[in-house]
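K.L.:
Below is a structure I'd like to ask you about.
The values are calculated or read from the model by the stated rules, or taken from the named source; none is laboratory data. Predicted model only: the values in this text are computed from it and were never measured. For neighbour counting, all protein chains shown are included, and Cβ atoms are generated from backbone atoms with ideal geometry for every residue, glycine included.
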Amino acid sequence: MQVSPIEITLLKALEPGKRYEVSEAASISGMKRDAVLKAAHLLQEKGLAKVEIVTKKIFRLTEEGKRYLEEGLPEERLVKLIEKPMSIKELEEVMGKREFGIALGWLRKKKAVEVKDGIVKLVSKPEFGEKESLRAVAEGRDIDAKDVKDLLRRKLVDFDEEKGDIRYCFGEARS
């Protein structure tokens, strides 16, 4: 196997088995970024390095997520309405069938409501952590994986995958 001078320079400069960002490998080896990219890919073809492309998910609110952040979650609005028990029919008229159904489902899941004889009664005051998660997404802050999963399932957020840094691990493929 023939190894070019730029590949040798990179292999000698970097510690085997360690991961490097392109800019870090360039700085340590004294090579230009483009030369590191070329050498790393050549080394990968020879089984002497591993190239990883790191992607990052960028989350954004859907139209419904924006609306819920502004107006409140359906379940949050329902809690305000049922401070005194109300009939399902009245609640459907005030909120609309779809929104009421969503709200009731989430409040049941949180064990915050009881429905008996067509009357909806609040039995405990629930927390609305989803609202803070929506605000965090709107502001570009990170949220935990469980919250992301819930917001995605509710179609309140969407995401784009953005290609991030390219990482190289030299010498890992040798063993």
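K.L.:
How about region 80-89: which of its residues are surrounded by 15 or more Cβ atoms within 10 Å (Cβ to Cβ) and either outside the structural domain of Asp117 (by TED's automatic domain parsing) or over 13 Å from Gly101 (Cα atoms) (or both)?
P.N.:
Of everything in region 80-89, those that are surrounded by 15 or more Cβ atoms within 10 Å (Cβ to Cβ) and either outside the structural domain of Asp117 (by TED's automatic domain parsing) or over 13 Å from Gly101 (Cα atoms) (or both) turn out to be Leu81, Ile82, Met86.
K.L.:
Where residues in region 138-174 are more than 10 Å from the chain's Cα centre (by Cα), hydrophobic (A, V, I, L, M, F, W, C) and within 26 Å of Val51 (Cβ to Cβ), which of them is modelled with the highest pLDDT?
P.N.:
Per the stated criteria, the residue is Cys169.
K.L.:
Let me ask something else. With a cut-off of at least 3 residues that are touching a residue at least 24 places away in the same chain (Cβ under 8 Å), name the strands (runs of 3 or more DSSP E) lying wholly within region 61-175.
P.N.:
119-122, 157-170
K.L.:
Residue under question is Val113, and the condition is that it be crowded, with 16+ Cβ neighbours inside 10 Å and of a type in the set (A, V, I, L, M); does it hold?
P.N.:
yes
K.L.:
Find the residue count for region 24-52, including only residues that are out of contact with any Gly (no Cβ under 8 Å at 6 or more places or on another chain) and in contact (Cβ under 8 Å) with a residue 12 or more places away in the chain.
P.N.:
The number of residues fulfilling the criteria is 19.
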